[in-house]
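Here the structure is laid out as structure tokens; the discussion comes afterwards.
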């Protein structure tokens, strides 16, 4: 009976289990377990960190370019006051943000914001509104009192400086109560370029600005 048990189905010798030979390295990886897996993860993280450190990166935030002509046209034709906008800014000035609020809202002041990246890579913004100057100007300049005055194209602007925010500002309030502020990290010289480019926008048929063309589908 024992001899029969040692024979296979065809009467031959029963098949013996075969051993599989593996290399010492593979055997170690198969038997290391969780510790080896954790070591591999740490090694990968270190590699990613090294790649991050040696990869060149720009320190400048990528900002989109915006078209503010539609807002300019709407404010010029429908605003409660004669608006001012930049005309003929030199090359290198790029509009990166635009926001018009309060237009058509009864009892609310209109505010227009235009943000620019200057040729030197700094930030400069136009802020204008028919809000009360004593409230609007300090809020836009982040300052309670002017530090001096600067003449731009024959017009006097009050200067402001907020040291902790590194913000320079030029501000003036027009006879009709509209306040215009140019503010940013740009130097006073660059802010003066923006201030000099501001022109009144004609509300009549011969407007200084024209609406952006409408694309037809």
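The values are calculated or read from the model by the stated rules, or taken from the named source; none is laboratory data. Here the structure is a predicted model, which is why all the values come from computation and not from measurement. Cβ placement follows ideal geometry from the backbone for every residue including glycine, while neighbour counts extend to all protein chains displayed.
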(message) Please determine whether any residue of the stretch 25-37 is surrounded by 10 or more Cβ atoms within 10 Å (Cβ to Cβ), at pLDDT below 60 and on the phi < 0 side of the Ramachandran plot.
(response) yes
(request) For residue 109, work out the one condition from (1) in a loop (DSSP other than H, G, I, E, B); (2) closer than 22 Å to residue 121 by Cβ; (3) at pLDDT 95 or above it doesn't fulfil. (result) (2)
(request) Using the structure shown, decide if residue 73 is at pLDDT 75 or above and touching a helix residue (DSSP H, G or I) at 6+ places or on another chain (Cβ under 8 Å). (result) no
(message) If I filter the stretch 169-185 for residues that are at pLDDT below 95, within 27 Å of the chain's Cα centre (by Cα) and surrounded by 15 or more Cβ atoms within 10 Å (Cβ to Cβ), do I get at least one hit?
(response) no
(message) Of everything in the stretch 122-143, what is surrounded by fewer than 19 Cβ atoms within 10 Å (Cβ to Cβ), part of a loop (DSSP other than H, G, I, E, B) and at pLDDT 95 or above? Give them in sequence order.
(response) 122, 132
(request) Please identify the pairs in which a residue from the stretch 169-180 that is closer than 14 Å to residue 139 by Cβ and assigned by TED's automatic domain parsing to the domain that holds residue 145 has its Cβ atom under 9 Å from the Cβ atom of a residue that is at pLDDT below 95 and in a strand (DSSP E or B), counting only partners at least 6 apart or on another chain. (result) 169/162
(message) With the requirement that a residue be assigned to a loop (DSSP other than H, G, I, E, B) and either in contact with a helix residue (DSSP H, G or I) (Cβ under 6 Å, 6 or more places away or on another chain) or buried (at least 22 other Cβ atoms within 10 Å of the Cβ) (or both), what does the stretch 144-168 give you?
(response) 144, 153
